[in-house]
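Input: a single structure, listed below in structure tokens.
The values are calculated or read from the model by the stated rules, or taken from the named source; none is laboratory data. What you see is a predicted model; the values in this text were computed from it and never measured. As a convention, Cβ positions derive from the backbone with ideal geometry for all residues, glycine included, and neighbour counts pool all protein chains shown.
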Amino acid sequence: MPEPAIGPDELLRARLRAHRVTEPDLPDLPSVVGHFLAVQGQELRPALWGASRRVEPGREPGASGAAAALDAGEVLRTHVLRPTWHLVRPDDARWLIELTAPRVRRQMASTERAWGIGDPGPGMDCVAAEVAAGPRTRAELRDALVARGLVAEDAPGIHVTQVLMHAELERLVVSGPARDRQQTYAAFDDRAPAGYGPLGERFDAEAAVVELWRRYLPSRAYATVKDVAQWATLTLADLRRGLQVLLDAGEAVEVPGAGRLEGLTFYRAASVPDAGAPTGAPPSGTLRVDLLQAYDELFCSYRESRDVVLEPGAEPPDRRGAYVHCIAVDGRVAGRWRWPSAGVAAGGLDVQWSREPTAAERSALDLAAADLASYLAT
């Protein structure tokens with residue numbers, strides 16, 4: 001029997017559950033990252049906050065606990081999937097980089113041509129030699145590159161950035177423990193286990209695409225092939241082949257879109273119930289306000305269908321300036337907020353609503369701000 005079509009409201013409701021926004025029940029930060037497979041971590045502190053919101057109430061790590069998980073290597077931060085930072089589990093780092101590095105390098109190439117950046121090979125060798133003796137900060141690695149004449153003393157920072165990104169994609173370096181509040185790079189093999197995690201001892205590209213789908217769908221609810229292509233930087237052809245494996249095995253289900261989603265074809269994991277009733281939603285007449293970081297997976301996991309998080313007539317989040325993070329009212333973006341530089345003041349957060357909030361929304365925002373203040377203080 002064909003699956004019933006799904007409209008924007010049901011779709012968003014299902015995503016909020018799958019993303020653990022409305023039903024946070026995961027035991028710890030590494031479990032959250034493993035649930036999503038990868039979490040965009042371009043802004044580290046907000047990324048750790050956003051991931052921590054998915055942990056079961058009462059077990060959430062404070063800011064120091066989240067940072068400790070990163071320091072201990074329970075979660076790694078590296079460039080993978082797209083030319084930006086992501087948080088990944090150590091046992092997922094190697095196969096995800098192997099799968100997506102070729103296309104990430106191609107995306108990096110235009111930036112390197114524009115800046116006149118040449119062969120990163122000698123720079124990578126230098127970086128690998130440095131971290132072999134222990135974790136190094138970016139500044140220390142830059143000094144080593146300059147000392148060896150591999151980067152000019154007055155070169156823009158992008159030159160060092162590209163060398164380090166290539167070293168990450170070659171699985172030479174990955175995030176290390178913080179030192180004096182500075183993030184470090186460590187030898188990849190010191191932080192990531194041997195082998196390819198769920199794939200076993202050998203890498204297989206087709207099996208990796210299937211595994212990516214198998215991990216992506218349960219945590220994202222409904223998605224189109226183009227949604228996943230944007231997230232994983234893989235070709236539509238490769239993704240369709242991998243998806244077909246799951247469809248043939250009965251692990252994935254095809255669902256048509258309805259309403260303003262008509263014409264789109266979505267897929268969900270067969271093991272995850274359809275949208276149905278809004279289980280876990282607040283009681284009738286109440287609302288929730290969430291402080292979502294700018295690069296939350298609720299936004300970054302999709303391309304074709306990401307606008308379901310917008311209120312009618314609202315513009316997509318603007319990541320320019322200081323107010324880059326999003327206020328979500330019952331899952332839909334209704335304003336922006338600024339990451340506090342020194343805790344959350346008694347008066348609340350520095351926010352910009354996109355419309356006049358109701359008294360109930362202001363009260364719910366105060367509760368969310370209090371949660372953030374508690375997180376930052378612990």
Flagged in the stretch 311-331 as under 20 Å from the mean Cα position of the chain (by Cα) and buried (at least 18 other Cβ atoms within 10 Å of the Cβ), in numbering order, are P317, Y323, V324, H325, C326, I327, A328, G331
Number of the exception - G200 against (1) of a type outside the set (A, V, I, L, M); (2) within 21 Å of H35 (Cβ to Cβ); (3) surrounded by fewer than 19 Cβ atoms within 10 Å (Cβ to Cβ): (2)
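Within the stretch 71-122, track down each residue that is under 20 Å from the mean Cα position of the chain (by Cα) and on the phi > 0 side of the Ramachandran plot.
Matches in the stretch 71-122: G73, L81.
Scanning for something acidic (D, E) and at pLDDT 95 or above, does the stretch 269-277 turn up at least one residue?
no
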Going through the stretch 138-170 one residue at a time, which ones are in contact (Cβ under 8 Å) with a residue 12 or more places away in the chain and farther than 26 Å from P102 by Cα? A139, A144, R148
Tell me which residues, restricted to the stretch 226-238, are of a type outside the set (S, T, N, Q), touching a residue at least 12 places away in the same chain (Cβ under 8 Å) and surrounded by fewer than 21 Cβ atoms within 10 Å (Cβ to Cβ). K226, A229, D238
If you go through the stretch 242-262 one residue at a time, do you hit one that is without any contact (Cβ under 8 Å) to a residue 12 or more places away in the chain, over 25 Å from L99 (Cα atoms) and assigned to a loop (DSSP other than H, G, I, E, B)? no
Taking the condition of being of a type in the set (F, W, Y) and within 16 Å of L291 (Cβ to Cβ), how many residues in the stretch 31-51 meet it? 1
Quick check, is L44 outside the structural domain of L264 (by TED's automatic domain parsing), in contact (Cβ under 8 Å) with a residue 60 or more places away in the chain and surrounded by fewer than 18 Cβ atoms within 10 Å (Cβ to Cβ)? yes
Exactly one condition in (1) without any contact (Cβ under 8 Å) to a residue 40 or more places away in the chain; (2) under 15 Å from the mean Cα position of the chain (by Cα) is false for S52; which is it? (1)
Has the stretch 215-223 got at least one residue that is within 28 Å of A51 (Cβ to Cβ) and part of a loop (DSSP other than H, G, I, E, B)? yes
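What do you reckon, is A334 under 30 Å from S64 (Cβ atoms) and either within 22 Å of the chain's Cα centre (by Cα) or not assigned by TED's automatic domain parsing to the domain that holds L261 (or both)?
No, not satisfied.
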Report yes if V289 is modelled with pLDDT of 95 or more, within 21 Å of T22 (Cβ to Cβ) and not small (G, A, S), otherwise no. yes
Among the residues in the stretch 46-58, are any part of a helix (DSSP H, G or I), touching a helix residue (DSSP H, G or I) at 6+ places or on another chain (Cβ under 8 Å) and among the aliphatic types (A, V, I, L, M)? yes
Subset of the stretch 96-106 (residues that are under 16 Å from A207 (Cβ atoms) and surrounded by fewer than 20 Cβ atoms within 10 Å (Cβ to Cβ)): E98
Of the residues A14, A93, A63, which is surrounded by 17 or more Cβ atoms within 10 Å (Cβ to Cβ), at pLDDT 95 or above, small (G, A, S) and in the same structural domain as T233 (by TED's automatic domain parsing)? A14
Hey, any hits in the stretch 219-242 for a residue that's farther than 30 Å from D25 by Cα and of a type in the set (F, W, Y)? no
